[in-house]
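In what follows, a single structure is set out as structure tokens and then discussed.
The values are calculated or read from the model by the stated rules, or taken from the named source; none is laboratory data. This is a predicted model, so every value here is computed, not measured. Here the Cβ positions follow ideal geometry from the backbone for every residue, glycine too, while neighbour counts run over all protein chains shown. Calculation scope for accessible area: heavy atoms of the full protein, side chains included, ligands and nucleic acids excluded. Shrake-Rupley method; radii C 1.70, N 1.55, O 1.52, S 1.80 Å.
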Amino acid sequence: MNENTFKERLKLFFIKNQRSSLRIRLFNFSLKLLSCFLYIVRVLLDDPTQGLGCKELNRSCSNQNYTPGTIDWSPIIWVNRSLPLWGLQVSVAVISLFETLLLSYLSYKGNIWEQILRIPFLLEIINAVPFIITIFWPVLRNLFIPVFLNCWLAKHALENMINDLHRAIQRTQSAMFNQVLILISTLLCLIFTCICGIQHLERAGNRLTLFDSLYFCIVTFSTVGFGDVTPKIWPSKLLVVIMICVALVVLPIQFEQLAYLWMERQKSGGNYSRYRAQTEKHVVLCVSSLKIDLLMDFLNEFYAHPRLQDYYVVILCPTEMDAQVRRVLQIPMWSQRVIYLQGSALKDQDLLRAKMDNAEACFILSSRCEVDRTAADHQTILRAWAVKDFAPNCPLYVQILKPENKFHIKFADHVVCEEEFKYAMLALNCICPATSTLITLLVHTSRGQESQQSPEQWQKMYGRCSGNEVYHISLEESMFFAEYEGKSFTYASFNAHKKFGVCLIGVRKEDNKNILLNPGPRYIMSSTDICFYINITKEENSAFKKQEKHRKNHESKLSCHGASRLPVHSIIASMGTVAIDLQDSGCRGASRATLALPAEAGREGRRPSIAPVLEVADSSSCQTCDLLSDQSEDETTPSDDEVSAGLDYAKGYPPYSPYIGSSPTFCHLLHEKVPFCCLRLDKGCQHNYYEDAKAYGFKNKLIIVAAETAGNGLYNFIVPLRAYYRPKKELNPIVLLLDNPLDDLLRCGVTFAANMVVVDKESTMSAEEDYMADAKTIVNVQTLFRLFSSLSIITELTHPANMRFMQFRAKDCYSLALSKLEKKEREKGSNLAFMFRLPFAAGRVFSISMLDTLLYQSFVKDFMISITRLLLGLDTTPGSGFLCSMKITEEDLWIRTYARLYQKLCSSTGDIPIGVYRTESQKLTTSESQISISMEEWEDTKDTKDHFSCRGNHRNSTSSDQSDHPLLRRKSMQWARRLSRRAPRHSAKAAEKINQQRMNLYRRSERQELAELVKNRMKHLGLSPAGYDEMNDHQNTLSYILINPSPDTRLELNDIVYLIRPDPLTYVPNAGPSRKGSFCNTVGQDTREETQL
């Protein structure tokens, strides 16, 4: 459809645009009220004896009494209408008729009789056309026209105006309010119609005034019936009978709908009309059971995109609507766009009711709360087969739980496998902190306005940067990237970020479906390339002027023959005396990039500079780096520990895949398969006698995975941690813990582990209360947190709302403040109200249900699943980069800002930074460890209460129990007497010192008790407690992510920068016949026509 035609522009203004449509309906409502007001004015100014039809009557006409059986029709047919009043009524009629005809023309969709036979259209014709006739036939100027019927048109305009108002402001009143408004407007229209009708007909009878007619109608409708005012002629009596019958029919129906609102939507949901399916766009959501959280996540994310506002959502579910879902769907904002049908996707009749063959898309979601997740996948597979059989052209968006079931639905257009994404994010969280939070923020639609009124700077920066999303645009149509045609990818990415603040992360060629993340400096941008970038808003919504871009493009073309096209040595010669730091631009391994201060600049004391990013990389700008030959120092010669341990690594593809559809990944492998008996860490075998992790003598810290079963999804956890680009000396041992009692935790080396990953238990997902599904996981993690406070724990939960219980401290003032902030953001309509919870912001907890929005976004952004899989390492495309990180040390602080870091990385290693993970000291916090004082020590600390007034409120609850423990009271008195004998009572300084020491002991008492418990268990098991550190924790720090921060953002010490590093195998000489090249040539073409798995 051509949206540039005049009709489409009018339709956009009068109907589609919510705000302009609201103004039009408000004007129409005001016009109808004005016509009713003019009718009342005409009645007040009119005299029945002066009507046109009374001029030929006798003079005694005004004084004659009514004779039964005779009716003078002249006062009924003719009225006395003054010329100014006639002019106003004609003007209103012309405007109303023109607006009605225009809206009917714009709403015409092939059935003209449907437009003509509508009651509002007929009423408009009755009220407007006679006035227009009087313009050309002045004799009929005083003809009576029932203008008071416009009150029904005003009621219709009011209902439409309320619906448009709800959609425009994105808020809504309750369904009860909407029904009350309809009832009141209906009652007023009935009374007003009766008043005006009785008054006009009685012009030939009692000649009642408007007030008399109002009095008669109120008395009659209230069933009082005094009888002092009654109609005299039969037309008036007939009108009263008709109005009473209408009131007896209409009003009870309105009251019934008000009292039984839940009856509006039948249990079966009715049918989605074929006519609406052909004229309106809709999508179908198929679920086995509909929960309120799933519904709101889908609706908020789906309707967050402007071009989806006119879509309808048809829900097909085999179960009956629960009370919460019913209440939500009765809200006018959703009731106008969401239709619930009770039925099964396996029945063609129900698919026909949902008009699946006309749907724009079908979303099939699995029930993750089922105990048997394999059975849930089987149901999803059958639904997908049924929909594909009934509507083969309908795009399918399928969510699957188990990766081994994925190949059954490879025909679907988009597939999200929950366990694949879950384990990949958990693995990357161990390498790149808070990767789960980074991905979650990228796949959520956010306004970027969260917490902008907060007094804390980190919340403002974090909330603003959370609005960044991934968008795409063609290079030749882009104002951001059009000027970089023929330039290198890194040059385009750096300059686009410098000028516009957008982060170019990937491209896709026109003749290829594969997306390349950071293809490197040797990739030359083409006009037909599709660019993928991270920004707050997409380019089409930006306010940049196209003329300005053309001017800048012209200037850049004039300077394209400058020094930037010269080789490196020519650049150095042409820059004169400017100090340039030309770092080695060869490909680096996955170890942390070294961005040290240039030696010459340090000696001369001048400000260090960074090499420019080349427009086109030459042969000397990027050295080749053959990872297949293991040229790095740590890999060419194995260490003594590796030789003694018998470790002989090689790089290649895993010989076996755990399930069909897994993407082959180049990674570190052992030359020989380890016997199964050697995989048991807690039991010795004939090959080794080790029974605990300490005995193995691992050089690197462990990564412990606590899961219920060793499923096929663990393959996606192991592969990213063994990827080929990670140096061998940084590979962490992985321990799978299928049960986690304290003894097993200690044996598997939890005291010296780098990370512990806690996977949600499948057996606990089907609790009687939905939100209790995470109870066991939360309490177990809390126990680990108290026992091993220095351990970095990464937890997966079922419900995002339960993240507030992670590392819970009941008396932490800062956590309480964040809880209030979350409630405020939720009231404002934020889809990411939970983002300010410290565990989520730091990447220590996530819920896989938060990735449901990835499937919903793929309807608008069909590239999001592919980009997410590339970022997580689930897919490997030749020439595509990978996600890694680097840490900012003191030697890197000379770079100062994020823009200079961007330039440094692009000019040296070709890396593209996409965000920063920042850790700060937590301010104004009162943690539970600082206020936990044991009950027996309370009485002796009363004299120090004034010094700790900020914590006194938390201790008051324990003082009341002191009288119930005489033994504890006696012990505390003995402790106080021993302390008093050690120092003179008159020494205030000594007493203060003693009190401080006592308070320190009190604070540590609970921790010491836990430490003694752990150490005793370790001694009992024969383990050395030397590595156990009970005091080092992270409770006084907070961490958060800044996605695509502004160029002037200052770098801070210990910042972790997320990088998309180019594929090192791209620069391998003669890469064509290599293993990777040969594999991709044979496999890549076969997978092009398949789904994005």
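Assorted remarks:
- Filtered residue count, the stretch 367-380, keeping only those that are at pLDDT 90 or above and open to solvent by less than 10 Å² (accessible area, probe 1.4 Å): 3
- Residue pairs meeting the criteria (Cβ under 6 Å; at least 6 apart or on separate chains; first under 21 Å from Gly506 (Cα atoms), in the stretch 879-903; second small (Gly, Ala, Ser)): Cys884/Ala590; Met886/Ala593
- Matching residues in the stretch 804-816 - criterion: being over 16 Å from Leu784 (Cβ atoms) and not charged (D, E, K, R): Ala810, Cys813, Tyr814, Ser815, Leu816
- Conditions (1) touching a residue at least 24 places away in the same chain (Cβ under 8 Å); (2) part of a loop (DSSP other than H, G, I, E, B); number of the one not met by Asp511: (1)
- When each of Thr783, Thr764 is tested for being open to solvent by 10 Å² or more (accessible area, probe 1.4 Å) and at pLDDT below 80, the lone residue that passes is Thr764.
- Looking only at the stretch 346-359, and only at residues there that are of a type outside the set (Lys, Arg) and farther than 30 Å from His799 by Cβ, the one that is surrounded by the most Cβ atoms within 10 Å (Cβ to Cβ): Leu351
For (1) touching a Leu at 6+ places or on another chain (Cβ under 9 Å); (2) modelled with pLDDT of 80 or more; (3) not polar (S, T, N, Q), each residue gets a yes or a no:
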| position | (1), (2), (3) |
| --- | --- |
| Asn163 | no, no, no |
| His200 | no, yes, yes |
| Ser236 | yes, yes, no |
| Ile242 | no, yes, yes |
| Val250 | yes, no, yes |
| Leu258 | yes, no, yes |
| Trp262 | no, no, yes |
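- Reported count of residues in the stretch 721-737, each being assigned to a helix (DSSP H, G or I) and either open to solvent by 10 Å² or more (accessible area, probe 1.4 Å) or in contact with a Lys or Arg (Cβ under 9 Å, 6 or more places away or on another chain) (or both), is 3.
- Here the condition is being of a type outside the set (Lys, Arg) and open to solvent by 10 Å² or more (accessible area, probe 1.4 Å); of Ser819, Ser858, Ser847, Ser908, it holds for Ser819 alone.
- Sub-6 Å Cβ pairs linking a first residue in the stretch 686-702 that is more than 21 Å from Pro675 (Cα to Cα) and polar (S, T, N, Q) to a second residue that is open to solvent by less than 80 Å² (accessible area, probe 1.4 Å) and in a loop (DSSP other than H, G, I, E, B), at least 6 apart or interchain, are Asn700/Asn732, ordered by first then second residue.
- Among the residues making up the stretch 738-761, those that are of a type in the set (A, V, I, L, M) and crowded, with 18+ Cβ neighbours inside 10 Å are Leu745, Leu746, Val750, Ala753, Met756, Val757, Val758, Val759.
- The set of residues in the stretch 865-905 that are in a helix (DSSP H, G or I) and not hydrophobic (A, V, I, L, M, F, W, C) comprises Ser866, Thr868, Arg869, Glu890, Glu891, Asp892, Tyr898, Arg900, Tyr902, Gln903, Lys904.
- Filtered by the rule that a residue be of a type in the set (D, E, K, R), open to solvent by 10 Å² or more (accessible area, probe 1.4 Å) and either over 13 Å from Met525 (Cβ atoms) or out of contact with any helix residue (DSSP H, G or I) (no Cβ under 9 Å at 6 or more places or on another chain) (or both), the stretch 463-503 gives Arg464, Glu477, Lys498, Lys499.
- Taken over the stretch 108-125, the criterion of being among the β-branched types (Val, Ile, Thr) and open to solvent by 80 Å² or more (accessible area, probe 1.4 Å) is satisfied by Ile112, Ile119.
- Checklist (1) in a helix (DSSP H, G or I); (2) free of Cβ contacts under 8 Å to residues at least 40 places away in the same chain; (3) open to solvent by 50 Å² or more (accessible area, probe 1.4 Å) applied to Thr319, failing item: (1)
- The residue pairs whose first member lies in the stretch 286-308 and is over 12 Å from Met321 (Cα atoms) and modelled with pLDDT of 85 or more, whose second member is part of a helix (DSSP H, G or I) and polar (S, T, N, Q), and whose beta carbons are closer than 6 Å, counting only pairs six or more residues apart or on different chains, are Glu301/Thr853.
- Cys430 satisfies every condition listed in (1) over 16 Å from Arg869 (Cα atoms); (2) modelled with pLDDT of 90 or more; (3) under 18 Å from the mean Cα position of the chain (by Cα) except (3).
- Among the residues of the stretch 671-685, those that are open to solvent by less than 100 Å² (accessible area, probe 1.4 Å) and either in contact (Cβ under 8 Å) with a residue 60 or more places away in the chain or of a type in the set (Asp, Glu) (or both) comprise Leu681, Asp682.
- Hey, Thr877 over 19 Å from Ile1041 (Cα atoms), crowded, with 24+ Cβ neighbours inside 10 Å and of a type in the set (S, T, N, Q) or not: no
- Taking the stretch 758-864 and the helices (runs of 4 or more DSSP H) fully enclosed by it, the elements with 2 or more residues that are free of Cβ contacts under 8 Å to residues at least 40 places away in the same chain are at 775-787, 813-827.
- Options Ser60, Ser35, Ser20: the member that is at pLDDT 85 or above and either within 60 Å of the chain's Cα centre (by Cα) or assigned to a helix (DSSP H, G or I) (or both): Ser35
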